[in-house]
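Undergrad: Here you go, one structure.
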Amino acid sequence: MATQLNTKNERIEILTKRTTRDKLLEYFRILSQKKSSKTFTIPFTFIELANYLSVDRSAMTREIKYLKILSACLAVLIVVKSASILSIIVLVR
């Protein structure tokens, strides 16, 4: 029960963020803390990740590309394993 409550609280934290970028960064931060690592992989399709974050898929893709360019604060390596699977390895500095 505590795990389920914690998961719901994390989702609320993500959904309370206003912008797609903020939602992505919050999600990355939560996963980084869960893994106790600065590197993690997210095995989602673009659509599944966008649905989880409650954002438009094309806007999310644009933000991920933007974050990839912004390597000064966050390095994002995006690996597409197949046409539908998105694997993101995030290195939080």
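Undergrad: Look through segment 28-42, keep the residues that are of a type outside the set (Ser, Thr, Tyr) and open to solvent by less than 80 Å² (accessible area, probe 1.4 Å), and return whichever of them is modelled with the lowest pLDDT.
TA: Step one: filter segment 28-42 for residues of a type outside the set (Ser, Thr, Tyr), giving 28-31, 33-35, 38, 40, 42.
This time we only want the ones that are open to solvent by less than 80 Å² (accessible area, probe 1.4 Å), so: 28, 30-31, 40, 42.
Details: Phe28: 86, Ile30: 89, Leu31: 85, Phe40: 75, Ile42: 79.
Top of the filtered list is Phe40.
Undergrad: Can you tell me how many residues in segment 34-68 are of a type in the set (A, V, I, L, M, F, W, C) and closer than 15 Å to Arg21 by Cα?
TA: To start, the set of residues in segment 34-68 that are of a type in the set (A, V, I, L, M, F, W, C) comprises 40, 42, 44, 46-47, 49-50, 53, 55, 59-60, 64, 67.
Still in the running and closer than 15 Å to Arg21 by Cα: 46, 49-50, 53, 55, 59-60, 64, 67.
Final tally of qualifying residues: 9.
Undergrad: For segment 15-73, which positions are among the basic types (Lys, Arg) and over 25 Å from Thr3 (Cβ atoms)?
TA: Going residue by residue through segment 15-73, those that are among the basic types (Lys, Arg) are 17-18, 21, 23, 29, 34-35, 38, 57, 62, 65, 68.
Across segment 15-73, the qualifying residues are Arg18, Arg21, Arg57, Arg62, Lys65, Lys68.
Undergrad: Please go through (1) open to solvent by 60 Å² or more (accessible area, probe 1.4 Å); (2) over 13 Å from the mean Cα position of the chain (by Cα); (3) modelled with pLDDT of 85 or more for Lys81 and return the number of the only condition it doesn't satisfy.
TA: Single failed check for Lys81: (3).
Undergrad: Now for a separate question. Given the structure, is Leu25 open to solvent by less than 70 Å² (accessible area, probe 1.4 Å) and at pLDDT 85 or above?
TA: For Leu25, the condition - open to solvent by less than 70 Å² (accessible area, probe 1.4 Å) and at pLDDT 85 or above - is met.
Undergrad: Then there's this: What single numbered condition from (1) open to solvent by less than 70 Å² (accessible area, probe 1.4 Å); (2) of a type in the set (Lys, Arg); (3) modelled with pLDDT under 90 fails to hold for Lys65?
TA: Checking Lys65 against (1) open to solvent by less than 70 Å² (accessible area, probe 1.4 Å); (2) of a type in the set (Lys, Arg); (3) modelled with pLDDT under 90, the one that fails is (1).
Undergrad: Which residue pairs have Cβ atoms closer than 9 Å, lie 6 or more positions apart in sequence or on different chains, and pair a first residue in segment 22-47 that is touching a residue at least 60 places away in the same chain (Cβ under 8 Å) with a second residue that is open to solvent by less than 20 Å² (accessible area, probe 1.4 Å) and of a type outside the set (A, V, I, L, M)?
TA: Phe28/Phe40; Ser32/Phe40
The values are calculated or read from the model by the stated rules, or taken from the named source; none is laboratory data. Predicted model only: the values in this text are computed from it and were never measured. Backbone-built Cβ (ideal geometry, glycine too); neighbour counts: all protein chains shown. Areas reflect the complete protein model, heavy atoms only, side chains present, ligands, DNA and RNA absent. Shrake-Rupley method; radii C 1.70, N 1.55, O 1.52, S 1.80 Å.
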